[in-house]
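Before any comments, here is the structure.
Read-outs: derived from the displayed coordinates by stated rules, not from any lab. These numbers were taken from a predicted model, which means no experiment stands behind them. Methodologically, a virtual Cβ is constructed for each residue, glycine included, from the backbone with ideal geometry; neighbour enumeration extends over all protein chains shown.
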Amino acid sequence: MHKKIEIKSERRESMIDITDDVQKIVDESGVKDGLCNIFVPHATAAITLNENADPNVGADILDFLAKHIPKGTWRHDRIDGNADAHIKASIIGPSETIPISDGKLVLGTWQDIFLCCFDGPRKRDVVVSILK
Ligand code: ZN
C-alpha cells in the first residue's frame, strides 16, 4: 500500500521532521510486522534519519553540506541556479526503509525521519509504502 504526504517547506533549505505523519500511515495500514519505505519523488529533496532532540543536528547537516557544496559554481547553475540542491539530494538519497514491529516504526531513541528540502520554499510530496 502506498500513501502520499504533502509537505510545504518554508525556506530554501530545511530539515522537516515527518516521523509522526509516517507513523500515522503505519497505524492506518494495520500492519503489525513489515517494512516501511519513505521516498521523495523530487530531484532537489531527500530523506534521512537523525536526531531531533537537538535541532542543531539538522542545522549542522545543512551547514556541512553548504560548506562542501557551494552554491553557484557548477555547470547546472547556468541552467537554473540550483546545482548544489541536486548534488545534496543525491548525496543524502531519496529514500529510507524502516522495519515495523508491533505496529510501530523501529527507530532508535534519538532517531526521527526527516524530509530534507534543498531548493524551497515549495510543496513536496513524500510517498510512504507499507510492505507486509
Ligand atoms: Zn535544476
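Cβ under 13 Å from Lys132's Cβ, Lys132 left aside: what net charge do those residues give with Lys, Arg +1 and Asp, Glu -1?
Net charge around Lys132: 0.
Tell me, Val40, Val128, Val31, Val106 in order of fewest to most beta-carbon neighbours within 10 Å?
Least crowded to most crowded, the residues run Val106, Val31, Val128, Val40.
So which chymotrypsin sites (Phe, Trp or Tyr not before Pro) in the range 50-127 are both in a DSSP loop and have at most 13 other Cβ atoms within 10 Å of their Cβ?
Those satisfying the criteria are Trp110.
Kindly provide the helix-only [θ] at 222 nm of the chain, computed as the sum of -39,500 (n - 2.57) over DSSP H runs of four or more divided by all residues, to the nearest 500 deg cm²/dmol?
So the calculated ellipticity at 222 nm is -8500 deg cm²/dmol.
Taking Cα centroids, how far is the range 16-42 from the range 89-129 in Å?
Cα centres, the range 16-42 to the range 89-129: 8 Å.
Tell me, in nm to one decimal, what length is gained between Ile79 and Phe64 on full extension, where the rule is 0.36 nm per residue of separation less the Cα-Cα distance? Numbers along the way, then the final one.
Working: separation 15, 0.36 × 15 = 5.40 nm, distance 2.48 nm.
Stretched fully, the Ile79-Phe64 segment lengthens by 2.9 nm.
Give a quick list of trypsin sites (Lys or Arg not before Pro) in the range 12-95 that DSSP marks as loop, anything other than H, G, I, E or B, with at most 11 other Cβ atoms within 10 Å.
Counting only loop positions with at most 11 other Cβ atoms within 10 Å, the trypsin sites (Lys or Arg not before Pro) in the range 12-95 are Arg75.
If you place +1 on the Cβ of every Lys and Arg, -1 on the Cβ of every Asp and Glu, and leave all else neutral, what size is the dipole of the range 28-98 about its Cα centre, to the nearest 20 Debye?
Details: 6 positive and 10 negative charges, 76 e Å.
It works out to roughly 360 debye.
Could you list the residues of the range 1-26 with an amide nitrogen less than 19 Å from a label point located 7 Å from the Cα of Ala43 in the Cα-to-C-beta direction?
From the range 1-26, the list is 13.
So what's the convex hull volume per residue for the Cα atoms of the range 1-105, in Å³?
Cα-based convex hull of the range 1-105, divided per residue, equals 111 Å³.
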